[in-house]
Amino acid sequence: MVAEQWGLGNGFLNRGSVEPAADLTAAAVEVGPGVTGERIAFLLTLFHAGKLRANFCFDELHAFLLSSPLAVAAGRFREDPVFLALQSFAAFGSRALTVAYATELLERAWSAPGRTRHTVDVCLNGLAFAAPFEGQGELLRRHAEEAVEAYPRDHMFQARLATALHMCGRHDEALERIDTALTLLAASPTASLGVLQDQYLTRRDAIQEGRLRALRDAEQQRRWEKQADANVRLERSLHTSSVRVVEVVAVFTAAIAFAVGSLQVTLTGTLSLGDRLWLLAAQGVGLALFALLIVGGTWLITRSRRQGDHAGG
């Protein structure tokens, strides 16, 4: 823990100057073999990795941890959870490496028995600043919640959880978490209080903006749905009106035809009264059947369409 605190912490503070590869190789030769040499190499590896991490040099960090003589000289310490966490951080940020590879490293570091607070921090840092991928917010939320449960007074983990909730669209919860982070930060004796406070306030503004945007989008969606419902009702009303017009026209046409036909039968011809009555009755029945066929056919067609609309809805 002391090596992690010193190496990563001072790496962050001295991030403005990064040693060239030749100096790192020379340092690997100077530390010498044995357990002591591995410990020294591990400490120097964390120091240089802390610089690359602070500068978000993902690909450089991945190459350094994988093949640098100084990192190789760390020997068995390369399996430490914090070392795996740094590899995961580099893999998540790199555009050349896969999410599956980064996630595997993350889970190995996260589930390691010797996991420290710095390991947790690096893992969450990698997830928060990863190249965007599907499920990123949910993965960060799950791990950040576990970190907050283990370290409830840690403002950094509260802020990471706020970031995750923001990614998941849970803006009210995110706002609550970032406010908690600001409160804990104010009570924390840290040299980087001002820098972290600015970061948290920037995150809070982003959450507020996301929350307002989500509210506007939800209101717009409700308006669209309301307008769509109104359009459907209007369409159905117009369709019903047109059907009624067809039915009225059919009945009216039959009535006119019956009236004209009955006048011809009544005013012309030499048929007897009884024959004329039978002829009028037959004509009336025929026209009534015609009107019923028109009305019935229209009803069947519109009924099928209504059922299709209900099934689609």
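Values as computed for the structure displayed
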quantity	calculated
Local electrostatic count, D205, Cβ distance below 14 Å [Lys/Arg +1, Asp/Glu -1]	+1
C168 paired with D229, simple spin-label distance in nm, labels 7 Å along Cα-to-beta-carbon	3.0
Probe 1.4 Å - accessible area at E30, Å² to nearest ten	150
Dipole of region 74-188, positive direction: furthest Cα of V148, A186, Q87, with charges on the beta-carbon	Q87
Karplus (6.51, -1.76, 1.60) ³J(HN,Hα), θ = phi - 60°, over region 87-97, in Hz, Gly and Pro reported as x	5, 5, 4, 5, 5, 5, x, 6, 8, 9, 10
Neighbour-limited loop hits for trypsin sites (Lys or Arg not before Pro), region 140-215 (at most 16 other Cβ within 10 Å; DSSP other than H, G, I, E, B)	R153
Net charge dipole size for region 16-135 [Lys, Arg +1 and Asp, Glu -1 on Cβ; Debye, nearest 20]	200
Accessible area in the full protein assembly, largest first, 1.4 Å probe, for I178, I40	I40, I178
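The values are calculated or read from the model by the stated rules, or taken from the named source; none is laboratory data. Computed from a prediction, not measured in an experiment: that's the story for all the values here. Because the Cβ atoms are built from the backbone with ideal geometry, glycine has one as well, and the counts that use them run over all protein chains shown. All accessible areas refer to the heavy atoms of the entire protein, side chains included, with ligands and DNA or RNA removed. Shrake-Rupley method; radii C 1.70, N 1.55, O 1.52, S 1.80 Å.
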